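Note sheet for the following structure.
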Amino acid sequence: MFFTSDNAGPAHPSVMQALMDANTGYASGYGSDDGMTRVRAMIQEIFEAPEAAVHLVATGTAANALTLATLSNPWDTIFCSPMAHIHEDECNAPEFYTGGTKLTLVPATDAKMTPDALRASILGEETRGVHGPQRGPVSITQATEKGTVYSVAELQALTAVAHEFGLKTHLDGARFTNALVSLGCSPAEMTWKAGIDAVSFGGTKNGLLGVEACIFFDPAASWEFELRRKRGAHLFSKHRYLSAQMEAYLTDDLWLTLAAKANAACARLITGLKTAKDVEIQYQSQSNLVFFDAPRGLHQRMLAAGAHYYVTSGDPDSGPADEVLTGRLVCDWSCDHAAIDQFITLLTQ
């Protein structure tokens, strides 16, 4: 009953085999390997963007921070949700890699920004001339850190506001494929056709050891990103091991299959949560994570029985048994349905 994070799950066997296959002979380094040539072509085909620039890094934080640094200036501000990973979980990496760009938090409902809130936040900046931050890119998290998903129409509405002010748009897609599977649209429809300029295309949370793709639909940004990646110490010399993972991920639609499994496991969890007494689901999850409210006593019982998940509000170990605390459950591709059923049985007994 391991539901702490999709980072905690294993890499897919096909990915491990691809690494073994890549671990023979010699290959050019620093992204000039033949595998990267194939990966670039695969991503360009998947996204229907033959001119897109594609680069690999090993972590989601590097993907977000380096991409946003390429899209912004040090005197800018980046617009994002208060629940965005770049705000809550990246230890000021965007501010560091951009050389000082700040974050402006846009009010959100169900972890999603609205066009009106974004417009108001943009209008609130660049009002003090040289004394204040200038308007910079808009970063959208898809799927959100609360498991909700922007529809294609919602993405289009946000990017329209950004482009109205001449601002670039970035999609933080650590759980890109979970959102894509949920919406049933194409990668192009969820990105450049919706007005997105650059994407952090995640793989680590969906069956890879550690690879994320940074995609720029305007290839003019490619060289600056190359320089920032090298200067930021995120250019791998033995790059073929990144390429091998991503190539295996994209082969035979493995990326879609794994995300569909994770989403289906979470849907099974949600169905069970709805039958439990004293349990309330916080957000209407459309991906592979769900938040639920329950009394401290119930959390204590679940954790003592061997369930592994994070309690995100309050201390589960001390306090009134009836105080309501929030738990977070995350499913990855390997999540066992028997474990889910065991969790629900314990929850409802």
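Just so you know, all these numbers are worked out from the coordinates, no wet-lab data involved. What you see is a predicted model, and the numbers here were worked out from it, not measured in a lab. Neighbour counts run over all protein chains shown; Cβ positions are idealised from the backbone, glycine included.
Numbers below:
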quantity: Of Tyr150, Tyr241, Tyr309, the one that fluctuates the most in a GNM where the chain has Cα springs shorter than 10 Å; calculated: Tyr309
quantity: Stokes-Einstein D (µm²/s) once Rh is taken as the Kirkwood radius of segment 182-242 over alpha-carbon pairs, at 20 °C in 1.002 mPa s; calculated: 160 µm²/s
quantity: Viscosity 1.306 mPa s, temperature 10 °C, Stokes-Einstein D of segment 107-149 from Kirkwood C-alpha radius, µm²/s; calculated: 135 µm²/s
quantity: Where a label projected 7 Å from the Cα of Thr348 along Cα→Cβ would reach, residues of segment 298-325 with amide N under 15 Å; calculated: none
quantity: Binned Cα-Cα distance frequencies in segment 255-348 - 5 Å width, integer %; calculated: 3, 14, 26, 26, 18, 9, 4, 1, 0
quantity: Computed magnitude of the charge dipole of the chain (debye, nearest 20; Cβ of K, R +1, Cβ of D, E -1); calculated: 260 debye
quantity: Segment Val324-Met20, extension gain: residue separation times 0.36 nm, minus the distance between their alpha carbons; calculated: 104.7 nm
quantity: Spin-label zone in segment 235-272 - amide nitrogen under 17 Å from a point set 7 Å from the Cα of Asp336 along the C-beta vector; calculated: 262, 265-266, 269
quantity: Separation in nanometres of the label points that stand 7 Å from Cα toward Cβ, at Glu45 and Asp315; calculated: 5.6 nm
quantity: Mean-position separation - Cα centroids, segment 87-161 and segment 33-67, in angstrom; calculated: 23 Å
quantity: Kirkwood estimate for segment 51-194, i.e. one over the average of 1/r between Cα atoms, Å; calculated: 15.2 Å
quantity: For segment 204-310: rounded, prolate or oblate by the Cα gyration tensor [a/c cutoff 1.5]; calculated: prolate
quantity: Max mean-square fluctuation residue, GNM over the chain, Cα-Cα springs under 10 Å, options Asn178, Asn206, Asn73; calculated: Asn73
quantity: Square roots of five times the Cα gyration tensor eigenvalues for segment 290-343, Å; calculated: 22, 12, 8
quantity: Where only alpha carbons of segment 147-272 are counted, the Rg and the Dmax (Å); calculated: 16.0, 49
quantity: Range of Cα positions in the chain per principal axis (Å), largest first; calculated: 59, 59, 34
quantity: Lysine pair count for the chain [Cα-Cα under 16 Å; pairs on different chains or 8 or more apart]; calculated: 6
quantity: 10 Å-binned pair-distance histogram of segment 127-193 (Cα, whole percent); calculated: 20, 47, 22, 9, 2
